Structure formats: C-alpha cells, structure tokens
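Enquirer: Would you mind keeping the following structure in view while I ask a few things?
Read-outs: derived from the displayed coordinates by stated rules, not from any lab. Being a predicted model, the structure only gives us computed values, none of them experimental. Positions of Cβ are generated from backbone atoms using ideal geometry, with glycine treated the same way; all protein chains shown enter the neighbour counts.
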Amino acid sequence: MQVVPSFAERYRDLFGILNDAMVVWQLDGNIVATNDAMATLTGYTVDELHGMNIARFLPAEDFEQVMERQQQQIRGEAVSQRYELRLMRRDGTEVIGESVTRLVAEKGRPVGVLAVVKNITEQKLVEKALREERDKAQSYLDVAGIAIQIIDADQKTALINRKCCEIFGYKEKEVIGKNWFDTFIPERNRAIAKRVFDKLIAREIEPSKCHESPVSTKGGEERIMAWYNTTVLTDEAGNAIGVLGSGEDITERKQMENALRESEERYRTLFENSRDAMCIATSDGKIVDVNQAALDLFGYAREEMMGLDVRDTVHALDRERFQKEIDQKGYVRDYEMKLRKRDGTHIDCLLTFAMRRGEDGSILGYEGSIRDVTEHKRLQQNLQLYITEVTKAQEEERKRIARELHDESIQDLAILSLDIEAVTRSRSRLSRVTVKSLEQIQEKVNHIAGELSRLSRALRPSALDQLGLVPAVKVLMRDLRKADGITTNLEVIGQVQRLSPEVELGLFRIVQEAVRNVRKHSEAATAVITVEFDPDKVVVSVTDDGKGFELPKRLSDFTAMGRLGLVGMQERAQLFKGSLSVQSEVGKGTTVRVEVGDGAVPASDLDGERSRE
C-alpha cells in the first residue's frame, strides 16, 4: 500500500521541524515513516524503524491499547486520541511517552495512523516528587500542635488541619467548602464576625496579632479559641483571596483564670490580679514590688526578687536603647526585649512601662508590665513557614499550568494549524473564498498560540529555572518593549551569579509585578532595570519615567490607596528576608528597589567582570 508512504513523503519537512517524536504506521502497526526524534526515543535508527511493527517496542497490553484506540477512531468515536504509553528502548530501558494520534485517510478511507509522541518520563518523576512534597506539607499541618485554618474570600472553609478537627469534633470532609461562620461561630456573634471578616478581605482593617472568640463544636459545646497572627492571603495581583489563622483552645485556661479572679477579686488589687508580670522599680533600677505573675515568669521567690537590679536581667545594648526611649518619651509601649530568668534562660517579652514622677517632676522610678511572647513568636515563625509552603505550592501550580500550556494547548494548536495548512493545499477542490477563510482562521490560530506562549512565559518562564534571574528579566523586558512600545534598558553590575531558587523566584516575581505596574499605570516612555551583584548581597531596581504618585508614610498604607501590588511585593520580599523600598514623585517617575543578603548570593566561579547591557 503506497498511500501512507506518500502521506509521509508530503510531511517529511514537518517531521524534521518538530522536536517531538513523530511516526506513521499502517493499520496493522507496521511503521512506514518516522523522524530522528523517534529514533532517539526508542534507541533504534530511522532505517531500523522503517518496516518495524510497533509491537516490537511496546509491551503487549500497551500495544492492545493502541489497537483498541485505533479502532475507536475508525468507528468515529474520537477524532484524535491522547494517552500515555510505555516504550521499551533497544537497550531494554523503559520510557513513558504521551501519544497524540490521528487517522491518516485517503479518499475517505482510513489507511494509517499519525502519532506525535512526547517523552514525559522526567515529567512523571517530577510529578511524583511534587506529590511527595505536598504530602510532607500536609503531614506538617497534621502534626502541628495548633489549630490551622484557611477561610476563602467567600467565607468558606478552604483548609483545616487535624488539630482543628479535633477541637471542633468534625471530620475534614464535613467542613471543607462550608461557611466557616455558620458552622463554628455561635449565632449571637455570627453577624459581627462576618462583618469583621469582610473588612479584612476588603483591607479596611488590619489583622490583629491575637484575639479570642467563642466557637461551637459539633456536639453543641461552646469553647474559647485564641487566634494568633491572622494573615490575609493574596494572589499575585495583591487581591485578598482568603485569611489564614492559627490558634489554640484556651477554654480550660480561661475557666481557671475566671475562677481565680472571682475567688480573689475582693482581696487583691488590679496589680496582683494582672495576668502579665507587673513590676515597680526605683530610678536606679532596684525592684521594690512585683506580682505573682512576675515571680512565676522569672522563677524567683519574692524575697529573692526584692532589691534585685532589673538591669542585670537585660543585655547591655538593649538596656541602653530602652533607657534612651523611656527618657525621651516618658513611657514605652510594647517594647520588645529579651530578659533572663533565674535559671539563665532567655525569654522574649513585651514591656509597657511609664515613669513615676514626684510633685517636683523628679523621677521616682518606673512601673509597668512584662508580657512573655515567646510562644507567640514561635507560632509566628510556624505561620511564616506555612505561608512559605503555600507560596511554594502556588508557584508549583503556576509551573504546572505553564508546562501544560506549552506541552498540550500550544502543541494542539500547532497540529490544528498544520491540519488547516493541509486542507488549504487542496486548492483544486476548494473555492477561492473558502481558501481565504481558512488562511484567516490559520492566522487566528497562530495568534492564539503566540498569546498562550506569552502567558506560559508569564506564569513561569523556563529561562528562570534553566538560566537564572538575568535571562528571565530579559524576557520580561522584551515582552514590555514588544507589547507596549516602552523603551527598555537592562543594566547588570558586578559578577553575574546564580542565586538560591527561592531568592531568584522571589526577585523575579517582584520585578514582574513592577513591570506590570509600569505597563498599566505609569504612562512611561522608558523603563530601566538594574541588577547589581555584590559579594554579600543582590540589589534589583525597576525605574520608570512615568507620571509617578504621592508616597504614603509607610509601605503598609499602600493597601488603603488600592496599590495592593506594592503590598504584595513587600510580603514577597519578607519571605526571603529581603527589604523593599519605593521612591516616587508626581511627574518624576517611580523606582522600586529590593535588596537581599544573608547568604542569598552563593559562591560562584563565573566571570567577575563589571558588565552593562
């Protein structure tokens, strides 16, 4: 039969252009045409493959699958088929391929099969590794000793860990997707809790570091939760998409505190009943009175603590800063400091103190409270770790989508374009109007493929993983110049080095968001990106000559201005211990600058010359 070979001859150039393996076989499985990529995939030469039956390198059950799917296409149940196959190479090793097949027809009768085969062995290994990483992250959540939950912007429960399920008495599947407030908040508090949540999502209020609230369990019992370091989650555009919180059941603790307060309130002053450590000291730092909480916190007996010099429990440098601030303002509020206990261990504390003055204005001493926030800081670190894991999962999802766009959608469009091209070549059987229409459709298909390619690069440019930050930034600048006509310049200063993957990705996302702001808001004619490599730090800046804007006093105030992208940049920089600054003036453009150090720059043997591009 010469029909299939003649088909292969017509598309010989196409076989050489595509990087993926291509093969044409007759309906009995005998190969009549293939390309070098298929030879590389199987380990045979092109000449050896010609005339070979595909059953030679397919396991029996995979060959049966190919034949069955081939029959489905012949019966008209599917135009094309996409499925995975195992291929046995000539050397005996096994690879996994993703096959896309279409029937080859002549005069309306199927005579063979055209298959495009992509080697996805490495992809399968990566997917397996990603699943293992997700399992590790879930294991971390499940073994955490605190309750962790995520509520999405629609007030629905998006994530809940094992500890949270234990406290509330539900199974995970019973609450995922359910309204958090309708499920867990008592009816008397429900309306106000929803209003507060909506204000958090709208960025009208800032999350509190710690708050307590009553909750209802599945069995109808009401308990009290203490929620620490509530965090508003945002997407890459800075839009709020949910709230992450962690907390603990403090019902028993609250009950004990209430019982203690009720039994002693007639006999004890506010000083004695304070949950925080309370302390009164002379002007030279000698302790003259403390409450029981202070004794418990520091581990001293009362007689040991009386007359103790409070300055002996503080590092000299911290003591000087504390003294300077209280002398200037007359008070300190929530001043963070490490204090030493009797056993020599150090704890993180928040100090709120004020001067005690005599009638003549002289300083008599100091009085105030000391709060142990050691556990709160530990919870904050755990939350930061979780946010990092969530961000990592988001990036992996972006990477997956970008890969699927490139490997599936764009490839499908390429095949569609080739199909249209094949039809238009049969001009003798088509009218001129039809040919013109098909050519226009092909142009649209190619345009869509180009846009999907640009979107794939925006989601996760392959240059970032393969070549590093500078090449990926070049791709951003090329797209900005091509799509918006903005003149772009890239300046690279110092020794170009690869950074840790987390830092490279974080810096790229910040540059990407800054470039997006240039495109959408700046009305700039020129944009300059500078990447400076120093031995102990990396500094990246994006500068435009656009209209600029008036800066608020603090970066956090960008939220109220609706500039959530800048807030997202700051949060992104904090994940890899970087610092972000923004300079802007109306009519004089904007500069976004991010700096990262602390070992982010690894040792490198690359050339160390100063370069500018």
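Enquirer: Pop out the ³J(HN,Hα) list for region 342-357 in order, Karplus 6.51 cos²θ - 1.76 cosθ + 1.60 with θ = phi - 60°, rounded to Hz; leave Gly and Pro as x.
Expert: Taking θ as phi minus 60°, the curve returns 4, 7, x, 6, 10, 10, 7, 10, 10, 10, 10, 9, 9, 6, 9, 10 Hz for region 342-357.
Enquirer: Could you put Phe533, Phe576 in order, starting from the residue whose Cβ has the fewest other Cβ atoms within 10 Å?
Expert: Neighbour counts put them in this order, fewest first: Phe576, Phe533.
Enquirer: What ranking of Leu467, Leu49 emerges when the number of other C-beta atoms within 10 Å of each C-beta is taken as an exposure proxy, fewest first?
Expert: By the 10 Å Cβ count, ascending: Leu467, Leu49.
Enquirer: For region 233-249, just list the computed ³J(HN,Hα) in residue order, Karplus coefficients 6.51, -1.76 and 1.60, θ = phi - 60°, integers in Hz, with x standing in for Gly and Pro.
Expert: Each residue's phi maps through the Karplus curve to give 8, 10, 8, 5, 7, x, 7, 5, 10, x, 10, 9, x, 9, x, 9, 7 Hz.
Enquirer: Given a Förster distance of 41 Å, report the FRET efficiency between Thr282 and Arg188 from their Cβ-Cβ distance, rounded to the nearest 0.05.
Expert: 0.25
Enquirer: To continue, here is another question. Is the shape of region 466-596 rounded, prolate or oblate, going by the alpha carbon gyration tensor and its root eigenvalues a ≥ b ≥ c, with a/c under 1.5 for rounded and a/b larger than b/c for prolate?
Expert: Oblate.
Enquirer: Between Cys210 and residues 5 or more places away or on another chain, which pairs have amide H atoms under 5 Å apart, with H built 1.01 Å from N, and which residues are they?
Expert: For Cys210, whose amide H was placed from the backbone, the distant partners under 5 Å are Asn229.
Enquirer: Same structure, new question: Given R₀ = 56 Å, what would the calculated FRET efficiency be for Asn19 paired with Arg378, taking r from the Cβ atoms and rounding to 0.05?
Expert: The computed FRET efficiency comes out at 0.65.
Enquirer: Also, I was wondering about something else. Could you work out how much longer the chain between Met306 and Ile74 gets when fully extended? Use 0.36 nm per residue separation minus the Cα distance between them, nm to one decimal.
Expert: Answer, rounded to one decimal: 74.0 nm.
Enquirer: Which shape class, rounded, prolate or oblate, goes with region 1-119 when its Cα gyration tensor gives a ≥ b ≥ c as root eigenvalues, a/c under 1.5 marks rounded, and past that a/b bigger than b/c marks prolate?
Expert: oblate
Enquirer: Moving on to the next point. Work through the residues other than Phe63 whose Cβ is under 15 Å from its Cβ and net out their charges, Lys, Arg +1 and Asp, Glu -1.
Expert: -4
Enquirer: Tell me, in nm to one decimal, what length is gained between Glu122 and Lys329 on full extension, where the rule is 0.36 nm per residue of separation less the Cα-Cα distance?
Expert: Full-extension gain reported as 68.2 nm.
Enquirer: Taking amide hydrogens as modeled 1.01 Å from N in the peptide plane, which residues meet the under 5 Å criterion relative to Asn53, leaving out close sequence neighbours?
Expert: Here the answer is Ile31, since their amide H atoms fall under 5 Å of that of Asn53.
Enquirer: Listed here are the pairs Lys128/Lys482; Lys377/Lys577; Lys286/Lys329; which of them are more than 26 Å apart at the Cα?
Expert: In this structure, Lys128/Lys482 exceed 26 Å between Cα atoms.
Enquirer: Normalise the Cα radius of gyration of region 127-255 by 2.2 N^0.38 Å (N = residues in it) and let me know the number.
Expert: Against the compact-globule rule of thumb, the ratio is 1.07.
Enquirer: Compute the distance in nm between two label points, each set 7 Å from the Cα along the Cα-to-Cβ direction, one at Ile448 and one at Thr434.
Expert: 2.2 nm
Enquirer: Quick one: Karplus J couplings for region 42-52, per residue in order, coefficients 6.51, -1.76, 1.60, θ = phi - 60°, nearest Hz, x for Gly and Pro?
Expert: 9, x, 9, 7, 4, 5, 5, 5, 4, x, 6
Enquirer: On to the next question. Taking 60 Å as R0, compute the FRET efficiency from the Cβ-Cβ separation of Lys178 and Asp360 and round it to 0.05.
Expert: 0.40
Enquirer: Using 7 Å Cα-to-Cβ label points, what is the Glu272/Thr345 separation (nm, one decimal)?
Expert: Each label point is offset 7 Å from its Cα along the Cβ direction, giving 2.8 nm.
Enquirer: Can you pull a Stokes-Einstein diffusion coefficient for region 268-372 at 4 °C (1.567 mPa s), Rh from Kirkwood over Cα pairs, as a whole number of µm²/s?
Expert: In µm²/s, the coefficient is 93.
Enquirer: Stretched out fully, how many nm does the piece from Ser213 to Asn239 gain, at 0.36 nm a residue minus the Cα gap?
Expert: Gain in length upon complete extension: 6.7 nm.
Enquirer: Further, regarding this structure: Sort Val496, Val538 so the one with the fewest other Cβ atoms within 10 Å of its own Cβ comes first.
Expert: Placing the least packed residue first, the sequence is Val496, Val538.
Enquirer: Here's a follow-up. List the residues whose amide H sits under 5 Å from the amide H of Glu106, counting only those 5 or more places along or on another chain, with H placed 1.01 Å from N in the peptide plane.
Expert: When sequence neighbours closer than 5 places are left aside, the close amide H contacts are Val111.
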